[in-house]
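Written out below as structure tokens is the structure these notes cover.
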């Protein structure tokens with residue numbers, strides 16, 4: 001039996017054209033009645049869709065009309081219902097960021113990563129604690145991030161962090177252009193770990209914190225931990241699930 005679908009798309013001309021085409025071919029049940037959300041765009045739009053439908057208990061099937069499309073399936077107009085019948089699910093959990101800036105606390109969720117980034121020409125100085133124990137007393141760097149398995153092939157990979165299998169109970173802690181300690185290249189953390197970043201010399205070396213697409217400027221401290229109480233399901237074509245993509249990525253030139 002065909003599943004009720006709701007189509008959403010990025011604002012690009014290609015994605016909007018595909019949205020109009022698919023709505024001519026398939027009935028759009030609307031966001032409330034839909035059983036599956038079909039997202040048209042790139043990886044950035046998939047992240048947006050995950051946040052938009054957070055808590056709705058609706059799996060999201062993405063089709064790539066962006067650039068990289070690591071979290072997406074191949075775009076094809078025909079056979080969408082048949083592809084969904086045999087699609088494979090990947091359940092992901094977000095990170096919860098709690099950032100303090102000038103006494104104000106901002107909380108946000110991140111399905112890819114939480115990153116701390118220097119705001120000026122001055123390198124950032126950041127202390128790192130894991131489960132209340134100081135692990136790096138002073139990291140001099142452009143920044144540092146914590147990535148989920150789903151996000152390990154995004155900014156984390158560009159920063160030379162490890163690729164994590166989607167079902168790994170791990171998080172990647174990865175420095176961005178670290179100057180000191182020069183030989184520290186990051187760490188693998190258990191998914192239960194609580195990571196705290198304390199910004200040193202914050203007035204002279206301001207730092208921003210970013211959870212997916214939400215940025216908090218001039219932070220003093222940032223706490224990051226996985227929220228296992230929240231889960232989202234992404235659907236992938238049979239034989240091309242996220243596990244396979246992550247594995248294949250590790251053997252690319």
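The values are calculated or read from the model by the stated rules, or taken from the named source; none is laboratory data. Quantities reported herein were computed from a predicted structural model and do not represent experimental measurements. Glycine also receives a Cβ, built like all others from the backbone with ideal geometry; neighbour counts cover every protein chain displayed.
Residue-wise test of (1) in a helix (DSSP H, G or I); (2) modelled with pLDDT of 95 or more; (3) more than 22 Å from residue 211 (Cα to Cα).
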residue	(1), (2), (3)
2	no, no, yes
15	yes, yes, yes
39	no, yes, no
44	yes, no, no
55	no, no, no
62	no, yes, no
66	no, no, no
96	no, yes, no
100	no, yes, no
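Taken as a whole, the structure leaves residue 166 outside the set of residues that are out of contact with any helix residue (DSSP H, G or I) (no Cβ under 9 Å at 6 or more places or on another chain) and under 30 Å from residue 73 (Cα atoms).
Residues in the stretch 102-136 that are farther than 25 Å from residue 44 by Cβ and not in a strand (DSSP E or B): 102, 103, 120, 121, 122, 123, 131, 132. Of all residues in the stretch 223-237, none satisfies being in contact with a strand residue (DSSP E or B) (Cβ under 9 Å, 6 or more places away or on another chain), assigned to a loop (DSSP other than H, G, I, E, B) and more than 19 Å from residue 50 (Cα to Cα).
Summed over the stretch 126-149, the residues that are within 16 Å of residue 93 (Cβ to Cβ) and touching a helix residue (DSSP H, G or I) at 6+ places or on another chain (Cβ under 7 Å) give a count of 1. For the stretch 174-188, the criterion of being in the same structural domain as residue 115 (by TED's automatic domain parsing), assigned to a strand (DSSP E or B) and at pLDDT below 95 is met by at least one residue.
Does residue 107 satisfy the condition of being under 16 Å from the mean Cα position of the chain (by Cα), surrounded by 15 or more Cβ atoms within 10 Å (Cβ to Cβ) and either at pLDDT 95 or above or within 26 Å of residue 190 (Cα to Cα) (or both)? Break it down into steps so the answer makes sense when it comes.
Details: under 16 Å from the mean Cα position of the chain (by Cα): yes; surrounded by 15 or more Cβ atoms within 10 Å (Cβ to Cβ): no; either at pLDDT 95 or above or within 26 Å of residue 190 (Cα to Cα) (or both): yes.
No; evaluated as a whole, the condition is false for this residue.
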